[in-house]
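Heads up, the thing below is written out as structure tokens.
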Amino acid sequence: MAGRRAAIKAIDWAAFAERVPPNQRAMFNALKTRSDALSARLAALPEKPPTIDWAYYKATVAKAGMVDEFQKKFSALKVPEPVDTQTAKIDAQEQEAAKSSAEYVQASKARIAQYEQQLQKLRNMIPFEQMTYEDLHEAFPETRLDKEKYPYWPHKPIADL
């Protein structure tokens, strides 16, 4: 019993509730209620099971040797505890997720820096109402038409349209 109690982890239900979408709130409440009921039942159990009074049974049972046989079998009985095979996999997945999220954060910071440069460029531009065509082509070179290379309208290769 002590092994089971030591393995119980505290659950932060408030943090868990923040991550539950509204359409799954009923399932979350059912899970919390069931978890609380099981925790209460586990807490109500004694730390060690009550000891068996073998002398009482030897005196009460008429058939000789039967209680000794039960006692021998009972003392030889070992209930195997389940082996934890999933924690290592979960830890590996958690480390992989942390690594990928750190990479995503770095890539996002790089994109943010690039977008801030573009935003700064747009803020420092002449207002569109005051721009000439030369100012527009200087600010946005992709709008310039190459009339010498493509003399006919639309002054761009057809594949680029």
Of the residues in the range 25-46, those that are under 19 Å from the mean Cα position of the chain (by Cα) and open to solvent by 80 Å² or more (accessible area, probe 1.4 Å) come to 25, 27, 31
Item to complete: State yes or no: is residue 103 part of a helix (DSSP H, G or I), out of contact with any Cys (no Cβ under 9 Å at 6 or more places or on another chain), more than 30 Å from residue 140 (Cα to Cα) and open to solvent by 100 Å² or more (accessible area, probe 1.4 Å)?
Response: yes
Selection from the range 55-91 of residues under 27 Å from the mean Cα position of the chain (by Cα) and open to solvent by 100 Å² or more (accessible area, probe 1.4 Å) yields 82, 83, 84, 89
Residue pairs qualifying under the 8 Å Cβ cut-off, at least six apart or on distinct chains, with the first in the range 135-161 being under 23 Å from residue 121 (Cβ atoms) and the second being of a type in the set (Val, Ile, Thr) and open to solvent by less than 100 Å² (accessible area, probe 1.4 Å), are 135/126; 136/143; 137/143; 139/126
Within the range 15-24, of all residues that are of a type outside the set (D, E, K, R) and open to solvent by 70 Å² or more (accessible area, probe 1.4 Å), the one nearest to residue 74 (Cα to Cα) is 16
Expected output for the range 23-34 (first residue under 17 Å from residue 12 (Cβ atoms) and touching a residue at least 12 places away in the same chain (Cβ under 8 Å), partner in a helix (DSSP H, G or I) and of a type in the set (A, V, I, L, M), Cβ below 7 Å, 6+ apart or cross-chain) is 28/17
Note on residue 113: of the conditions (1) at pLDDT below 90; (2) within 31 Å of the chain's Cα centre (by Cα), unmet is (1)
- Query: Within the range 42-59, is there a residue that is modelled with pLDDT of 90 or more and basic (Lys, Arg)?
  - Reply: no
Q: State yes or no: is residue 39 modelled with pLDDT under 90, out of contact with any Ser or Thr (no Cβ under 7 Å at 6 or more places or on another chain) and assigned to a helix (DSSP H, G or I)?
A: yes
Checked the range 106-146 for anything open to solvent by less than 70 Å² (accessible area, probe 1.4 Å), part of a helix (DSSP H, G or I) and aromatic (Phe, Trp, Tyr); matches are none
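The values are calculated or read from the model by the stated rules, or taken from the named source; none is laboratory data. Owing to the predicted nature of the structure, the values given are computational and were not obtained by experimental measurement. A quick note on method: Cβ atoms are made from the backbone with ideal geometry, for glycine too, and the neighbour counts reach across all protein chains shown. Surface accessibility is based on the protein's heavy atoms, side chains included, excluding ligands, DNA and RNA. Shrake-Rupley method; radii C 1.70, N 1.55, O 1.52, S 1.80 Å.
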